[in-house]
Structures are given as structure tokens and as C-alpha cells.
Amino acid sequence: MAKKVKSYNEGELIEMFRLKRSAGNESNPLLAEWVNCSTTLNVHEQYVFDRISEGLVEKIVGWNEEMLKMNFIAFVLDLGNLRETKRYKSYYENTIEGTVDGYFLKVKADMMIAEGILEKPQMPYFYFQEYKKVKDPKGDVTGQLLEAFLIAQAKNKNEKPLYGCTVLGREWEFYIMTGKNYYISRSYLCTTESDLLQIIAILRKFKEILETRLLHKIV
């Protein structure tokens, strides 16, 4: 019988599921390819970029979670071209669950990109988890992302890598998970314009990876 569990932190999940953690942009070829990319903005995009980045270092300190989402994250995701298509959708605040190695895992995904039917995601590819504060009483943001990865592996039943991102205030980190191994990029500070542009480039690169490698082929 599956054992129902509460949310675990990163260390507990490493121990429970024998995960292996590696950090740094060059820790895995797939991660290096993903984050070592570049992009340019057109005139309209540059206007949005300038508007959301202006005074961000002062503003972000006073924002709660919802203000961070509405005033900043939503615009970054849009600049990253993470818009749904006929092939995949963006899902927000969806609870996903599954049994992994005898443990019942259940977690709410702040945002995921998946193939799905209407409001029901079926084949997840990307998870986005965010907290306003680095230490949050609701749980460990990395732990929640790993839970989502483990559930997706159980549901997808394939060897394709899973991609994700965490936001802790102004710090963005990007993740890839293959098997029991997960890889974490360096932290990107969204209050630094060069890092913010790189965050957008990385999101755009994921869209390319999704559409050329991850999506099911239409027969």
C-alpha cells in the first residue's frame, strides 16, 4: 500500500529516493546547452523589459507573493514566449499527485507546461515554483519542484528529461532532472538587467527544446 506523505524538503527527498544533486551551469551537457544561450528584444519587448526592471531592486522587497506574480513574473514568462499552443498548455495552481517507489506524493504546481485536455494536464514537461521569501513556512521550494519531477516521471513513463525553474525572491534557478539525477544552474538575479535578459533567453530556449525534442510526435 502506498504511504501518504506530507511535503518533504530537498534533503529528505534525496535520502528517500536516492537522488543525486549537481550544481553549476556546466554540471550536465543538457543544462549547459539550455542556459548558455542568448536572445535579443524587439522594440516592444524592450519597452516591457525596461518598464518591469525599472526600480525593481527596491520594489521587489515590498512585494508579497501575488504582487510579485502580477507585477513581474507574468511579464517575464510572456517575454520568454511561454504561451500555450494547440500542442501544449500552461497550467496554474494545479495539484498533481502520484505514487513513486511506494510513496504517495502530492504537490501544488505554481505553473506547469504540459500536454493536456482542457483543464487536465496529461504529459508535463516544465515546472515553475516560486516563493517570495527564501525561507517560507509553506515548505521548501526545491523540495516541491523535486516532488513534481518525481510525479511527472511516474506519469510520463519515458526517459525524457524534465525541466523546471524556482524563484526565491529575486533569485531564479533552472533545473533539469534525468532519472535520479538533477542538475541546478547558478542563480540569476532578476534585479540585474544582464541576468534578467539571460532569464528570458533561457525561457525562450526551453520553448525551442520543448517543440523540437520533448513533445509527442503527431502520427
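Worth a mention:
- Across segment 45-97, the qualifying residues are those that are more than 14 Å from the chain's Cα centre (by Cα) and hydroxyl-bearing (Ser, Thr, Tyr), and the one among them that is surrounded by the most Cβ atoms within 10 Å (Cβ to Cβ) is Tyr88.
- Qualifying residue in segment 202-209 (condition: aromatic (Phe, Trp, Tyr), more than 30 Å from Val57 (Cα to Cα) and under 14 Å from the mean Cα position of the chain (by Cα)): no
- Taken over segment 153-171, the criterion of being assigned to a strand (DSSP E or B), in contact with a Ser or Thr (Cβ under 7 Å, 6 or more places away or on another chain) and of a type outside the set (S, T, N, Q) is satisfied by Glu171 alone.
- A single entry from Lys180, Lys138, Lys120, Lys155 fulfils the requirement of being over 20 Å from Lys89 (Cβ atoms) and modelled with pLDDT under 90: Lys138.
The values are calculated or read from the model by the stated rules, or taken from the named source; none is laboratory data. Small disclaimer: the values here were computed from a predicted structure and weren't measured. Glycine gets a Cβ as well: all are built from the backbone with ideal geometry, and neighbour counts include every protein chain shown.
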